[in-house]
1. Please determine whether any residue of region A:371-382 is over 30 Å from A:ALA131 (Cβ atoms), within 14 Å of another protein chain (Cβ to nearest Cβ), surrounded by 19 or more Cβ atoms within 10 Å (Cβ to Cβ) and over 23 Å from the mean Cα position of the chain (by Cα).
2. So which residues in region B:326-347 are more than 21 Å from the chain's Cα centre (by Cα) and outside any loop (DSSP other than H, G, I, E, B), if there are any at all?
3. Scan region A:240-270 for residues that are touching a helix residue (DSSP H, G or I) at 6+ places or on another chain (Cβ under 6 Å) and either under 20 Å from A:ARG100 (Cα atoms) or among the hydroxyl-bearing types (Ser, Thr, Tyr) (or both) and report the count.
4. Among the candidates A:LEU206, A:LEU245, single out the residue that is outside any loop (DSSP other than H, G, I, E, B), modelled with pLDDT of 95 or more, under 26 Å from A:ALA307 (Cα atoms) and away from chain B (no Cβ under 14 Å).
5. Filter region A:220-242 down to the residues that are among the β-branched types (Val, Ile, Thr), surrounded by fewer than 24 Cβ atoms within 10 Å (Cβ to Cβ) and at pLDDT 95 or above and list them by number.
6. Please work out which one of (1) hydroxyl-bearing (Ser, Thr, Tyr); (2) surrounded by fewer than 20 Cβ atoms within 10 Å (Cβ to Cβ); (3) in contact with a helix residue (DSSP H, G or I) (Cβ under 6 Å, 6 or more places away or on another chain) is the condition B:THR64 fails and give its number.
7. When you go through (1) touching a strand residue (DSSP E or B) at 6+ places or on another chain (Cβ under 7 Å); (2) under 30 Å from A:ASP361 (Cβ atoms); (3) of a type outside the set (Asp, Glu) one by one for A:ILE155, which number turns out not to apply?
8. Could you check region B:121-164 and list, in sequence order, the residues that are farther than 30 Å from B:TYR330 by Cα, of a type outside the set (A, V, I, L, M) and more than 8 Å from chain A (Cβ to nearest Cβ)?
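The values are calculated or read from the model by the stated rules, or taken from the named source; none is laboratory data. Model, not experiment: these values are computed from the prediction. Note: ideal-geometry Cβ built from the backbone for every residue, glycine included; neighbour counts use all protein chains shown.
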Number of protein chains: 2
Amino acid sequence: MRIIVLGGDGYLGWPTALHLSECGHEVAIADNFVRRQYDHELGVQSLVPIEPLTVRVRAWHELTGKQLATYVGDLCDADFTYRIIREFRPDAVVHFAEQRAAPYSMIDRKHAVYTQTNNVVGTLNLLYAIAETDPSIHLIKLGTMGEYGTPNIDIEEGWLEVTHKGRTDRVLYPKRPSSFYHLSKVHDSHNIEFACRIWGLAATDLNQGIVYGQQTDETVRDDRLATRFDYDAVFGTVLNRFIVLAALGQPLTVYGEGGQTRGLIDIRDTVECIRLAAEHPAKPGEYRVFNQMTESMSVRDLAKLVADLHPNAVEVEYLDNPRVEAEAHYYKVTHSGLVELGLTPHLLSETLLTSLYAVADRYKHRADPAALRPTVRWRSPLATARAGSAG
Amino acid sequence: MRIIVLGGDGYLGWPTALHLSECGHEVAIADNFVRRQYDHELGVQSLVPIEPLTVRVRAWHELTGKQLATYVGDLCDADFTYRIIREFRPDAVVHFAEQRAAPYSMIDRKHAVYTQTNNVVGTLNLLYAIAETDPSIHLIKLGTMGEYGTPNIDIEEGWLEVTHKGRTDRVLYPKRPSSFYHLSKVHDSHNIEFACRIWGLAATDLNQGIVYGQQTDETVRDDRLATRFDYDAVFGTVLNRFIVLAALGQPLTVYGEGGQTRGLIDIRDTVECIRLAAEHPAKPGEYRVFNQMTESMSVRDLAKLVADLHPNAVEVEYLDNPRVEAEAHYYKVTHSGLVELGLTPHLLSETLLTSLYAVADRYKHRADPAALRPTVRWRSPLATARAGSAG
């Protein structure tokens, strides 16, 4: 298949592009490198050094003989979006090209507006580009488990059968997320479902859990193929952040009570889920949702696990929660769709943690301890704006 | 109370400002006049001539001795939004300042992106301006009944009690609307609920039905106080459009089978609902939703009613539906919240229709029959883009 990966220079976009290429697909990458720009803005960098896209692509070609086409531009620039769809003529579009950090969206008004505009407009442009070029192109869109929030009922895969006053309907699963970033994904989901309904587009919305890990079978072959390892309080996901704290000999910082339970997924499963979705496309007019996660765990238990298995003595510290979220809640998620397509999950294991400890240990000299402390506070936009501009 | 009406130069914003002023409130108006700009873009105009805002405000002062403060600017300009909140220091903000026509949002990609950006960013700026200035300011936001779509279960007021697999939760009512405009309001609703949850803002979201009528007790006092009467296929609401078609001796054009059932409300009830919401504010942290409609009717029955009561012989014509929507569906809506606050609805009556016939008759020489034909087609963005640029 011909597959274009939007945001293909990012943490997950890059390993996904490699995995699809390795599995025999014709792959193109589009990116505007804004993710690298956020690093400069925040004064942080990936723990693991990463090469520029041109070097990455050259290294992949050198090692495998495979080509990755590249397009540099922004989905919010409609001319660019139409051009890549018309030139590359993909069978499937994998859409990672969004601002993806909840804390970044909560820094202040500008970051909230930027996140929602960037994500919603980029996706709208893409929907129109597909509808006007070839409605049979399969859109594979990255959503997030955070769209659902923490309802007191089981979380289903995007849709919910509701009986109310004796009548029944299948409705979009009601969402109640906890950041302007997560909200931007809810907006996208509604827009995409509508495009499927009126234009007959075929879309798969992957509500992904928190990703951990840094290596895939493809990236591990050469240091030049490494993907990002974000450990900072803005872009670092919880498990990766804990591992770097442990490597630095610092306490693992849990926000609030730590009873927040989240869906998780190994980066190796992420790239495999995308392949499965691409090779088993949604039908024309279908808005298909999968919950792309393999297990759930509370933040407290995750911290304990990292601390218990780490070779050094590691403590757990409970911080005032900078976010506004339930710290003890019901959480049960259906996530069978991707397993039915063939996913064999890598569950969180000692082996994985040990290999992550080694990665963190190798590069811990690059970590800035200050970047690990949360500065963005959900409750007070004014205070956060000041902290954000200072650091 | 001190109340600022955003979009206070528009069809409903203007009569609302007058009604609140008449009821003894200190009223300010903010507008960027983009609604008047859409007329120039589309080559149409209000059936009833309307005065510039300065003339309107002067006339109101002349007649009543009351002042209306005015601010000219765009909510997407955050400096402007912060300034009006900080200068006027309202107790309540009534937010009509959005692009409000479904067909306009469906003209092409640019209009879809414009509608969602304008509406979502304006509202985000407003939420931040309130949160950072005075979180006790009551936000009264105009939503639309179209946010719900046409579910097969009863439509409740914004929230739904759901039992699923033996567990229960109160969730945001699941939405599935039918245009990029309606979707923009769904996005707003999610953003506003979040702002109430994390910042303790107090908001009332009024999901309004299709408004009909053109005169209120205040606007009728002087021709210079008249509000818009949109009859064109892009901005005209269905009943107002039928009345102008009847005045011109043209058939009433029903889209598809006409079984589409919609909630309706008299313009006199709209302005009263806003007053009631303002005088009975939501509590801090509360995201309160009312369905601002007083009765439901199918488009077919509405056409028949207008035809039957009109003094001339009027025919009904069924056109191919330019939209993608269910033409026969269940529709039952709870709308008791505003009645509990004191609303006494004006239901659709022969008297109202007769007075509207008179308005249409007086100004029918200003109507352009071509503007009454639908040109925007939901199914094919490419075809619509061409029709849009041509007309």
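1. Yes, there is a match, as at least one residue in region A:371-382 is over 30 Å from A:ALA131 (Cβ atoms), within 14 Å of another protein chain (Cβ to nearest Cβ), surrounded by 19 or more Cβ atoms within 10 Å (Cβ to Cβ) and over 23 Å from the mean Cα position of the chain (by Cα).
2. Across region B:326-347, the qualifying residue is only B:GLU340.
3. 3
4. A:LEU245
5. If the condition is that a residue be among the β-branched types (Val, Ile, Thr), surrounded by fewer than 24 Cβ atoms within 10 Å (Cβ to Cβ) and at pLDDT 95 or above, then A:VAL220, A:VAL234 are the ones that fit.
6. (3)
7. Of (1) touching a strand residue (DSSP E or B) at 6+ places or on another chain (Cβ under 7 Å); (2) under 30 Å from A:ASP361 (Cβ atoms); (3) of a type outside the set (Asp, Glu), only one is false for A:ILE155: (2).
8. Residues satisfying the conditions are B:GLY122, B:THR123, B:THR133, B:ASP134, B:PRO135, B:SER136, B:HIS138.
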